[in-house]
Amino acid sequence: MEAERASLLAALALQLDWGATEALAETPPERSAQRAAAPEAAPLAPPPGAPPPARPAVLVPMPPIAALPPATGRAAEAAAAATDLAALREAIAAFDGSALRETATNLVFADGAPESGLMLIGEAPGAEEDRLGRPFVGPSGQLLDRMFASIGLRREEGGFYITNILPWRPPGNRTPTDGEIALFLPFVLRHIALARPRRIVLLGGTAAKALLRAKDGITRLRGRWHRVPADGPGEVPALATLHPAFLLRNPAAKRDAWADLLLLRRSMDADGGPA
């Protein structure tokens with residue numbers, strides 16, 4: 001008892017030395033419980049003239065991956081039922097699963113010689129292509145014709161066959177959406193199967209990423225051979241390169257496109273034929 005009393009007196013003397021002058025309660029409070037329940041202290045006001053504090057970042061949840069368009073199944077059925085290129089063209093013209101058909105002027109199916117063995121696939125028709133119903137006839141198409149003529153391949157002489165991922169022009173020449181690409185991809189794959197090319201050239205990032213199932217951009221995909229799966233001919237060698245419209249905006253990139261054309265020409269020459 002005496003030892004406990006002496007300990008308490010010593011503790012009281014210590015508090016007096018620290019400056020305590022009075023007791024506020026007969027029993028000490030439970031400080032840990034108060035700390036758990038105590039509200040956060042209000043932040044100190046900034047001094048006059050100081051900039052306002054930065055607002056905390058708001059984390060926006062990523063949107064869910066878009067589901068395939070409801071008409072994708074019908075597109076696949078219509079494409080599979082086509083037994084030749086003429087039937088495929090009619091199937092695309094009759095397909096009503098995309099609103100692009102309502103805003104475009106003409107269906108843009110293909111041009112050139114399917115029997116050439118070389119199939120070029122671009123992105124989508126532009127204004128001039130929509131007006132004439134033929135792919136690559138505007139300024140980018142004229143550049144493309146000059147590029148391929150430089151390695152001895154002329155469209156008017158049956159040097160290649162050309163089409164697009166989308167057969168209808170997007171309003172305002174905007175970039176095709178992922179949903180539009182997924183919707184028309186069955187028609188593109190059937191187009192490859194029916195044309196039976198020995199080589200494919202993918203013009204631009206949209207065509208390359210759609211058919212190679214790649215996330216890389218065209219600058220990483222270009223300049224080398226890939227494989228495109230296709231019913232009928234199986235996998236087809238595919239060379240990704242820059243789109244002519246990109247080259248018109250970036251003339252310095254023509255050097256890379258020329259290197260790709262030489263790679264294509266060497267591959268064809270190694271087979272001993274024009275394509």
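The values are calculated or read from the model by the stated rules, or taken from the named source; none is laboratory data. Here the structure is a predicted model, which means the values were calculated and not measured. Cβ: placed from backbone, ideal geometry, glycine included. Neighbour counts: every protein chain shown.
Just one of the listed residues (L88, L166, L185) is surrounded by 21 or more Cβ atoms within 10 Å (Cβ to Cβ) and within 24 Å of A214 (Cβ to Cβ), and it is L166. Take the conditions (1) more than 16 Å from the chain's Cα centre (by Cα); (2) surrounded by 24 or more Cβ atoms within 10 Å (Cβ to Cβ); L203 misses just one of them, which is (1). Counting only residues that are buried (at least 20 other Cβ atoms within 10 Å of the Cβ) and polar (S, T, N, Q), region 230-259 holds 1 of them.
The criterion of at least 1 residues that are closer than 22 Å to V137 by Cβ is met by the following strands (runs of 3 or more DSSP E) wholly inside region 157-275: 161-164, 199-203, 236-241.
All of L242, L247, L194, L185 fail the test of being more than 22 Å from the chain's Cα centre (by Cα) and at pLDDT 95 or above, apart from L194. Only one of the numbered conditions (1) of a type in the set (D, E); (2) over 20 Å from R196 (Cα atoms); (3) in contact (Cβ under 8 Å) with a residue 40 or more places away in the chain is violated by D111, and that is (2).
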